[in-house]
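This report concerns only the one structure given below.
The values are calculated or read from the model by the stated rules, or taken from the named source; none is laboratory data. Worth saying up front: this structure is predicted, and the values here are computed from it rather than measured. Quick reminder, even Gly has a Cβ in these numbers, built from the backbone with ideal geometry, and neighbours come from all protein chains shown.
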């Protein structure tokens, strides 16, 4: 199990990432609304804006998913279940948590869930 200090350190990292994502989401949403308000002169402009919008939308969606995962991890810290695999209920390795602070599964269970989704 993780120590209180380790949980606090992960909580700080999660909160910092949460703040960054919210900032990114606000910035991207503002850019998208500004692009919609631009006067488009020709089909090339429309195509460029459309392509950018698709990419930005995909990025926004990915960031929203990550934000939801971060919120879940922060709740787990409060409930003292952070760092425990949701599937096998064994501790998630600290090295894995360092790479992916909001990991929900240990390596073994993650591989099982990925195989099920493919």
query = For the stretch 101-118, which residues satisfy the criterion of being touching a helix residue (DSSP H, G or I) at 6+ places or on another chain (Cβ under 9 Å) and surrounded by fewer than 17 Cβ atoms within 10 Å (Cβ to Cβ)?
reply = 107
message = Quick check on residue 72: is it surrounded by fewer than 10 Cβ atoms within 10 Å (Cβ to Cβ), within 30 Å of residue 107 (Cα to Cα) and modelled with pLDDT of 90 or more?
response = no
